[in-house]
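What follows is a set of notes on a single structure, which appears directly below.
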Amino acid sequence: MLKTFRTGGIHPPENKQAANCKITALPVSGQVVIPLNQHIGVPAEAVVGKGDTVKVGTLLAKAAGFVSANIHSSVSGTVRKIGDALQGNGASASSVFIDVDGDEWEETIDRTSTIVRECTLSGKEIIDKIAAAGIVGLGGAAFPTHVKLLPPPGNKAEVLIVNGVECEPYLTSDHALMMAKGEEILIGVRLLMKAIQVNRALIGIERNKKDAIAFLTALASAKYRDIEIVPLKVKYPQGGEKQLIDALLRRKVKSDALPVSVGAVVQNVGTVFAVYEAVQKNKPLTERVVTVAGTEIFRPSNLLVRVGTPVRALLDAVGGLPDTTGKIISGGPMMGRTLVGVDVPVTKACSGILVFPAKDAGRKSAAPCIRCAKCVQVCPMRLNPALLMDATWYEQWPMAENNYIVDCIECGSCSYTCPAHRPLLDYIRLGKNRVKELARLRKSS
C-alpha cells in the first residue's frame with residue numbers, strides 16, 4: 001500500500017499538461033529586473049551601482065542578516081539603475097535593473113556538462129558554498145537553504161527528506177528536472193547528507209510520476225544505495241513539510257516546532273539540484289525551471305528561465321497570452337498568488353506561470369456556512385477553518401490564536417471543498433497575520 005499523510009487532504013484534478021515536455025532554455029531578454037527580496041527574511045543589500053558591468057554569476061547584493069540570501073546577476077551587461085520595481089503582488093521592491101549585453105559568465109563557473117561526483121569539502125564548507133550561492137527553497141517558500149541546514153541548539157538531524165512530490169495541479173517543473181538531472185540530484189542529496197551529518201535520505205515522489213520513480217530508483221540502486229526513492233499516493237498537499245514527514249516517517253511535528261525537532265530536514269528537489277550546481281560547479285542560483293501552462297495556453301512548457309526575466313517573455317515563448325485571459329498565477333493554482341501584470345520579473349520562488357480564462361477565474365457567490373464540517377475533514381493540520389474564519393470576521397484574536405490559526409499552511413483545501421463557496425483561506429490568512437503581529441507586539445513590550 002502506498003504511503004501518504006494521515007490527516008485530511010484532497011485530490012483536485014491533476015492537469016499535468018507539460019508532464020512530457022523536456023526542459024527548454026528561454027533566450028535571455030533585453031533587460032532583467034532582479035529584486036533584492038527574493039527570499040524570506042531581510043532583503044539583500046546591493047553591492048553594485050549604476051554603470052557597473054556584470055557577468056552571469058556576479059554578486060549583486062549581499063545577505064543583510066542571518067535569515068537572508070545573496071543575489072547574483074543572471075545575465076551579462078550593464079547596471080542601468082538600482083530602484084524600486086513592481087512585483088507580482090502589486091508591491092514595489094528595491095531591484096537591480098540590468099541591460100543585457102551578450103552572455104558572458106564568471107570564469108569560476110563550470111559550464112561543462114560533465115557530472116562531478118567527488119567532493120572533498122567538509123560539511124561546513126558545503127554549507128558556506130550554499131550560502132555564498134544564494135540558494136533558497138525552490139518549492140515556493142524561498143527560505144534561505146543554509147539557515148535550514150543549521151538547526152537550533154538541542155536539535156539533531158537524523159534523516160534528509162527530499163520533496164519530489166509536486167502535488168499542485170499543472171506544475172511539472174520538478175518532474176522535468178528529475179528526468180533531466182537525475183544523477184546530479186542524487187549527488188546533491190549526498191552533499192546535503194554530508195552537510196547535516198546524516199547517513200539516510202528519502203526522496204518522496206507521487207505515483208503519477210512513474211517514469212521519475214523508475215529512473216531515480218535505478219540510479220540509486222546502482223550507485224547511491226544510501227538514498228531511498230519512496231513512491232507516494234497522490235494526495236494534496238503532500239508537498240507540505242509536515243505532511244511529507246508524516247507520510248514518510250509517521251512522525252508528527254508539533255505546533256510551533258521545526259521539522260528537525262522530529263529529526264528531519266526537508267529540501268525541495270529543485271533546491272537539491274541547485275546545491276549540486278553551487279558546490280560542484282561553483283554556480284550561484286541565477287535560473288530555475290518554470291512550468292508555463294493553463295487551460296488555453298497554446299504550448300504548455302517547462303522553461304529554464306533566468307531570474308529577473310519578465311513574465312511576458314515566458315508567455316511569448318508558449319504562444320502568447322490568450323485573449324480570453326482572466327487570471328495569471330505565479331506558482332500553483334492552490335497556493336500560488338495572482339499576478340498584477342505580465343511585466344513583473346520571475347523570481348527564485350516562481351515554480352509556475354499559470355493562465356486561466358475569465359470564465360474559470362471568477363469566484364462563486366458565498367453562502368452562509370451549512371455546518372457540514374467538510375473543511376474540518378480535509379484540513380491537513382487538524383484545524384477548524386470555519387471557526388477560524390468566524391474568529392477573524394469578528395476580530396476574536398484570542399479565539400483564533402487558541403485554535404492554532406498560525407499552524408495553517410495556507411494550502412486552500414478548505415476553500416476548495418466548501419459547498420457554500422466561502423472564502424475561508426482569505427479570512428484565515430488575514431487572521432493569521434494579525435495574530436502573528438499581536439504576538440510580536442507582546443514580545444517587544
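See the values below:
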read-out	value
For q = 0.13, 0.21, 0.25, 0.30 Å⁻¹, Debye-computed log10 I/I(0) when each Cα of segment 162-213 counts as one equal scatterer	-0.33, -0.78, -0.98, -1.20
Accessible surface of segment 127-239 [probe 1.4 Å, protein heavy atoms]: carbon and sulfur percent	55 percent
Segment 156-268 - charge dipole about Cα centre, Lys and Arg +1 at Cβ, Asp and Glu -1, debye rounded to 20	380 debye
At R0 = 45 Å, FRET efficiency that the Cβ-Cβ distance of residue 78 and residue 116 yields, to 0.05	0.90
Mean shadow area of segment 275-362 over all directions, Cα convex hull, nm²	5.8 nm²
Residue of 330, 351, 92 that the Gaussian network model of the chain assigns the largest fluctuation, springs spanning Cα pairs under 10 Å	92
For segment 84-199, radius of gyration divided by Kirkwood radius, i.e. Rg to Rh on alpha-carbons	1.00
Linear extension gain, residue 363 paired with residue 251, 0.36 nm per residue minus alpha-carbon span	36.6 nm
Solvent-free Debye scattering, log10 I(q)/I(0), computed from the Cα coordinates of segment 341-380 at q = 0.20 Å⁻¹	-0.87
Quotient of C-alpha Rg and 2.2 N^0.38 Å, computed over segment 198-282	1.16
Free-standing Cys residues across the chain, given no other cysteine C-beta under 4.7 angstrom	21, 119, 167, 350, 369, 372, 379, 408, 411, 418
For segment 97-143, Kirkwood radius (reciprocal of mean inverse C-alpha pair distance, Å)	14.0 Å
Span-rule helices in the chain, defined as complete DSSP H runs reaching 18 Å or more along the axis (Cα) with Kyte mean at least 0.0	182-196, 210-223
Stokes-Einstein D (µm²/s) once Rh is taken as the Kirkwood radius of segment 373-445 over alpha-carbon pairs, at 10 °C in 1.306 mPa s	131 µm²/s
Space enclosed by the convex hull of the alpha-carbon atoms of segment 338-404, per residue, Å³	183 Å³
Whole-angstrom gap from segment 352-426 to segment 247-293, using each part's C-alpha centre	27 Å
Convex hull (Cα only) mean projected area of segment 288-445, reported in nm² to one decimal	11.2 nm²
Convex hull volume of segment 183-342 per residue (C-alpha atoms, cubic angstrom)	152 Å³
Percent antiparallel among DSSP beta bridges (both partners in the chain, rounded to 5)	60 percent
Residues of the chain: accessible area per residue with a 1.4 Å probe, Å²	44 Å²
√(5λ) per eigenvalue of the Cα gyration tensor, segment 204-254, largest first, Å	22, 14, 6
Potential extension, residue 107-residue 441 segment - 0.36 nm per residue separation minus Cα distance	115.4 nm
Distant alpha-carbon pairs in the chain (separation over 27 angstrom), percent	54 percent
Projected area, mean over directions - segment 50-94, Cα convex hull, nm²	3.8 nm²
Lys, Arg +1 and Asp, Glu -1 on Cβ, resulting dipole of the chain about Cα centre, debye, nearest 20	1400 debye
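The values are calculated or read from the model by the stated rules, or taken from the named source; none is laboratory data. As the structure is a computational prediction, the values presented were derived from the model and not from experiment. Cβ: placed from backbone, ideal geometry, glycine included. Neighbour counts: every protein chain shown. Note: accessible area is taken over every heavy atom of the protein model, side chains too, but ligands, DNA and RNA are not part of it. Shrake-Rupley method; radii C 1.70, N 1.55, O 1.52, S 1.80 Å.
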